[in-house]
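The values are calculated or read from the model by the stated rules, or taken from the named source; none is laboratory data. Quantities reported herein were computed from a predicted structural model and do not represent experimental measurements. Every residue, glycine among them, receives a Cβ derived from its backbone with ideal geometry; neighbour counts consider all protein chains shown. To get the accessible areas, we keep the full protein, side chains included, count just its heavy atoms, and leave off ligands, DNA and RNA. Shrake-Rupley method; radii C 1.70, N 1.55, O 1.52, S 1.80 Å.
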Amino acid sequence: MTMRRIPAEALEAMARATLKALGSNDDEADAVAAHLVGANLAGHDSHGVGMLPDYVRLVRDGLAVPNQELAVLADLPGLVHCDAKRGLGQRMARDALHLGAARAREAGACVVALKNSSHVGRIGHYVEALAAEGFASVHFVNVADHRALQAPYACGDARLGTNPFAAGLPAEGAPVVLDMATSAIAYGKARVARNRGDAVPEGALIDAAGRPTRDPVPLVDLQEGAIRAFGGHKGSGLAIVCELLGAALTGGLTLQPDHPRQGGIVNSMLSVVIRAAALGDPAALGHEAAAVRSWIKASPPAAGFDEVLVPGEPEARVRAERRRDGVPLDPKSLADILDAARDAGADGESLRALTES
Ligand code: NAD
């Protein structure tokens, strides 16, 4: 399949124009567009500009709300509780975590409970932003308001969303950033595989009868089958904890069937933000984290592996390559994004770099 390589700046201009056409003010359009393209640059196309067709639909259907104001329900010394009221998630999460970081600067740490946000995107983005300001952080996130996609351990059908977990900290050189769906693959990766005509990795999906399959088409096109939880009963347990801490505890939407599902993408998130300097000399802590990373990376690769990587390293490598060579987009994803941008009413100039062959 022929992939087009598109410069990040052109993608960002298109995303910004699409969001502004949907009604976002400049700050929101800039924040969401930068986040989406940042996900593409990190190699996570599942959470990049390919989400725009969904965002256009969500805003049109009233399931995501541009320029929403974050409602602060509680502001205690060590905890802030916010209701995003379906605001565009990348801005809602940014603002809630800004508030948490301000509190953690004084108190040493702060819990941020954010409920009912529209899609907050790639969670690693927040870990990186916090690490750049000297904070370690942990994030438990659920996904609700649409059909379940993830089959917990031993389940023959889907009961949860792909419920991401992320954690990380500043370290000398580059932060360590673990950021992952608790499903064997993120749903967007099944969508990308379907658009590219690829099979998904072994063990990632089950079909409508609960049998293993590598074909993403039934899941994406027919809404059949499920993505398995990663890591057997342990990964499945983490997915369940994300549902409970991320949403049940924050008062957000869970996927248990008492709640209506309107076809939105609603994330709720429980985050813990820790000021590293409250625990010691940040330079020494960063040095220790880097030493642990080096120690692990110095292991001789096991049979079948060329090298040892640590969380955050694959993203950093892809980012360097894509900043230089552009973001690869397959024809179907590109066509879908352009249709959505035009449908939203984005100005033609912002799309020019994407429509030129
Ligand atoms: P992934 O499997 O590509 O990577 C998961 C983690 O493993 C990353 O921290 C990565 O750095 C690390 N990693 C990857 N390869 C490695 C290797 N060879 N050695 C060591 N570490 C390695 O990620 P994923 O599970 O497909 O998640 C993709 C994205 O989807 C994430 O950014 C996540 O936040 C996002 N997501 C968001 C939502 C939402 O609703 N907002 C839902 C699900 C997932």
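Which of the residues belonging to the range 192-207 are more than 13 Å from the ligand (Cβ to nearest atom) and either open to solvent by 40 Å² or more (accessible area, probe 1.4 Å) or part of a strand (DSSP E or B) (or both)?
Of the residues in the range 192-207, the ones more than 13 Å from the ligand (Cβ to nearest atom) are 194-199, 202-203, 205-207.
Scanning the range 192-207 gives 194, 196, 197, 198, 199, 202, 205, 206.
Within the range 208-215, is there a residue that is surrounded by 22 or more Cβ atoms within 10 Å (Cβ to Cβ), in contact with a Leu (Cβ under 6 Å, 6 or more places away or on another chain), not in a loop (DSSP other than H, G, I, E, B) and not small (Gly, Ala, Ser)?
Within the range 208-215, the first condition is being surrounded by 22 or more Cβ atoms within 10 Å (Cβ to Cβ), and the residues that meet it are none.
No, the range 208-215 contains no residue that is surrounded by 22 or more Cβ atoms within 10 Å (Cβ to Cβ), in contact with a Leu (Cβ under 6 Å, 6 or more places away or on another chain), not in a loop (DSSP other than H, G, I, E, B) and not small (Gly, Ala, Ser).
Of these, 263, 231, 252, 280, which one is surrounded by fewer than 14 Cβ atoms within 10 Å (Cβ to Cβ) and within 16 Å of the ligand (Cβ to nearest atom)? Break it down into steps so the answer makes sense when it comes.
On the way: 231 fails: surrounded by fewer than 14 Cβ atoms within 10 Å (Cβ to Cβ); 252 fails: surrounded by fewer than 14 Cβ atoms within 10 Å (Cβ to Cβ); 280 fails: within 16 Å of the ligand (Cβ to nearest atom).
Criteria check complete, one pass: 263.
Evaluate the range 97-111: report whether one residue or more is within 13 Å of the ligand (Cβ to nearest atom) and open to solvent by less than 10 Å² (accessible area, probe 1.4 Å).
Initially, the range 97-111 is screened for residues within 13 Å of the ligand (Cβ to nearest atom), giving none.
Within the range 97-111, not a single residue is within 13 Å of the ligand (Cβ to nearest atom) and open to solvent by less than 10 Å² (accessible area, probe 1.4 Å).
Has the range 300-316 got any residue that is touching a Leu at 6+ places or on another chain (Cβ under 7 Å), within 12 Å of the ligand (Cβ to nearest atom) and either open to solvent by less than 60 Å² (accessible area, probe 1.4 Å) or of a type outside the set (Val, Ile, Thr) (or both)?
yes
Mind checking which residues of the range 262-312 are outside any helix (DSSP H, G or I), of a type in the set (A, V, I, L, M, F, W, C) and touching a helix residue (DSSP H, G or I) at 6+ places or on another chain (Cβ under 6 Å)?
Step one: list which residues in the range 262-312 are outside any helix (DSSP H, G or I), which gives 262-275, 280-281, 298-312.
If we keep only those that are of a type in the set (A, V, I, L, M, F, W, C) too, we end up with 265-266, 269-270, 272-274, 298, 302-303, 305, 308-310.
Scanning the range 262-312 gives 269, 270, 273, 308, 310.
Looking at (1) open to solvent by 10 Å² or more (accessible area, probe 1.4 Å); (2) more than 9 Å from the ligand (Cβ to nearest atom), can you tell me which one residue 122 breaks?
With (1) open to solvent by 10 Å² or more (accessible area, probe 1.4 Å); (2) more than 9 Å from the ligand (Cβ to nearest atom) applied to residue 122, the lone miss is (2).
Taking the stated definitions as given, is residue 127 in a helix (DSSP H, G or I), in contact with a Gly (Cβ under 9 Å, 6 or more places away or on another chain) and under 21 Å from residue 70 (Cβ atoms)?
Numbers: in a helix (DSSP H, G or I): yes; in contact with a Gly (Cβ under 9 Å, 6 or more places away or on another chain): yes; under 21 Å from residue 70 (Cβ atoms): yes.
Here the answer is yes, as residue 127 does meet what is asked.
Out of curiosity, is residue 187 out of contact with any Lys or Arg (no Cβ under 8 Å at 6 or more places or on another chain), modelled with pLDDT under 95 and surrounded by fewer than 23 Cβ atoms within 10 Å (Cβ to Cβ)? Walk me through it before giving the result.
Details: out of contact with any Lys or Arg (no Cβ under 8 Å at 6 or more places or on another chain): yes; modelled with pLDDT under 95: yes; surrounded by fewer than 23 Cβ atoms within 10 Å (Cβ to Cβ): yes.
Here the answer is yes, as residue 187 does meet what is asked.
Quick check on the range 175-191. Is at least one of its residues more than 8 Å from the ligand (Cβ to nearest atom), on the phi > 0 side of the Ramachandran plot and part of a loop (DSSP other than H, G, I, E, B)?
No, every residue in the range 175-191 fails to be more than 8 Å from the ligand (Cβ to nearest atom), on the phi > 0 side of the Ramachandran plot and part of a loop (DSSP other than H, G, I, E, B).
In the range 266-276, which residue that is over 25 Å from residue 54 (Cβ atoms) and open to solvent by 10 Å² or more (accessible area, probe 1.4 Å) is farthest from the ligand (Cβ to nearest atom)? It would help to see each step written out before you state the result.
Let us first name the residues in the range 266-276 that are over 25 Å from residue 54 (Cβ atoms), namely 272-276.
Checking the rest, the ones that are also open to solvent by 10 Å² or more (accessible area, probe 1.4 Å) come to 272, 274-276.
Numbers: 272: 16, 274: 19, 275: 23, 276: 19 Å.
Going through the qualifying residues, I end up with 275.
Between 218, 170, 212, which is closer than 30 Å to residue 105 by Cβ and more than 15 Å from the ligand (Cβ to nearest atom)? Full working, then the answer.
Numbers: 218 fails: closer than 30 Å to residue 105 by Cβ; 212 fails: closer than 30 Å to residue 105 by Cβ.
Of 218, 170, 212, the one residue that is closer than 30 Å to residue 105 by Cβ and more than 15 Å from the ligand (Cβ to nearest atom) is 170.
In this structure, does residue 157 turn out to be surrounded by fewer than 20 Cβ atoms within 10 Å (Cβ to Cβ) and more than 16 Å from the chain's Cα centre (by Cα)?
On the way: surrounded by fewer than 20 Cβ atoms within 10 Å (Cβ to Cβ): yes; more than 16 Å from the chain's Cα centre (by Cα): yes.
Yes; evaluated as a whole, the condition is true for this residue.
Could you count how many residues in the range 146-167 are more than 11 Å from the ligand (Cβ to nearest atom) and assigned to a loop (DSSP other than H, G, I, E, B)?
Residues that pass the stated criteria total 10.
Which of the residues that make up the range 1-46 are in a loop (DSSP other than H, G, I, E, B) and open to solvent by less than 20 Å² (accessible area, probe 1.4 Å)? Step through it out loud before you land on a result.
From the range 1-46, those in a loop (DSSP other than H, G, I, E, B) are 1-3, 7, 23-25, 42-44; that's our starting set.
Answer for the range 1-46, where residues must be in a loop (DSSP other than H, G, I, E, B) and open to solvent by less than 20 Å² (accessible area, probe 1.4 Å): 24, 42.
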